[in-house]
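A.B. asks: Once you've had a glance at the structure underneath, I'll fire off some questions.
The values are calculated or read from the model by the stated rules, or taken from the named source; none is laboratory data. Remember, it's a predicted structure, so these values are computed and weren't measured experimentally. Don't worry about glycine lacking a Cβ; one is built from the backbone with ideal geometry, like all the others, and counts go over all protein chains shown.
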Amino acid sequence: MEVLHLTPTQRGELHACLRGRNLPASVAQRMRIVLLLDEGVSYRDIQEKLGTPPSTISRWKQRYEQEGVLGLATVHPGQPPQKLTPQLRAKVLERTRQAPPDGSTHWSLRKMAAVMKVSKNLIGRIWKEADLKPHRLERYMASNDPHFEQKAAAILGL
C-alpha cells in the first residue's frame, strides 16, 4: 500500500473544505479518506473508522491523485440534450398518423416517446406546435376489448 503525500497547501485546502457548512456528506467522507491516507493510516483502519470498503478508499485515492479536490466531487453526466430538428419533427408527426404498435386505440406521450426513443417532453412540444391531441380524438375509435360490442349494447340499450 502506497501512502498518499499531500503538500501543506493541499492539506489546508481539504481541512478548509471540511469546515464548510454546505459540503455534501459524501464529499466530506472522501476528503476524510484522503486526509487519513496522508497521515499514513492503513486501509483496514480507515475501513473500521469510516465504514468504507477498501475498493472505495482506493477509488477516491486515485481520483484525488489524478484530479485533486475537484476529483472528489460527485459527477452525474446525465443525458445529452435532445435537439428538436425538422427531421425529428417530421418523423414524429408521420408516426403519429399511424396506429400504435401495441394495438391500442391511440398514442400517449410516453408511448410515442418510447417508440421514437426521445423524451416525452419533446413529443409534447412537437404535438403542441402542430396542435395535435392524439389522446383526445374527436372521432369514434373501436376498442380493442374483445367484449366491447356486448358492453356497448348493454349500455346503449340496443
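A.B. asks: Looking at ALA90, is it at negative phi, in the same structural domain as GLU129 (by TED's automatic domain parsing) and modelled with pLDDT of 90 or more? I'd like the intermediate steps shown before the answer.
C.D. replies: Details: at negative phi: yes; in the same structural domain as GLU129 (by TED's automatic domain parsing): yes; modelled with pLDDT of 90 or more: yes.
Yes.
A.B. asks: Same structure, new question: Of everything in segment 9-66, what is not in a helix (DSSP H, G or I) and not small (Gly, Ala, Ser)? Give them in sequence order.
C.D. replies: Of everything in segment 9-66, those that are not in a helix (DSSP H, G or I) and not small (Gly, Ala, Ser) turn out to be ARG21, ASN22, LEU23, PRO24, GLU39, VAL41, THR52, PRO53.
A.B. asks: Please determine whether any residue of segment 132-150 is over 30 Å from ALA25 (Cα atoms), part of a helix (DSSP H, G or I) and either charged (D, E, K, R) or at pLDDT 90 or above (or both).
C.D. replies: Among the residues of segment 132-150, at least one is over 30 Å from ALA25 (Cα atoms), part of a helix (DSSP H, G or I) and either charged (D, E, K, R) or at pLDDT 90 or above (or both), which makes the answer yes.
A.B. asks: Ok, one more. In segment 70-124, what residues are under 16 Å from the mean Cα position of the chain (by Cα), exposed (fewer than 13 other Cβ atoms within 10 Å of the Cβ) and not in a loop (DSSP other than H, G, I, E, B)?
C.D. replies: Correct list: ASN121 only.
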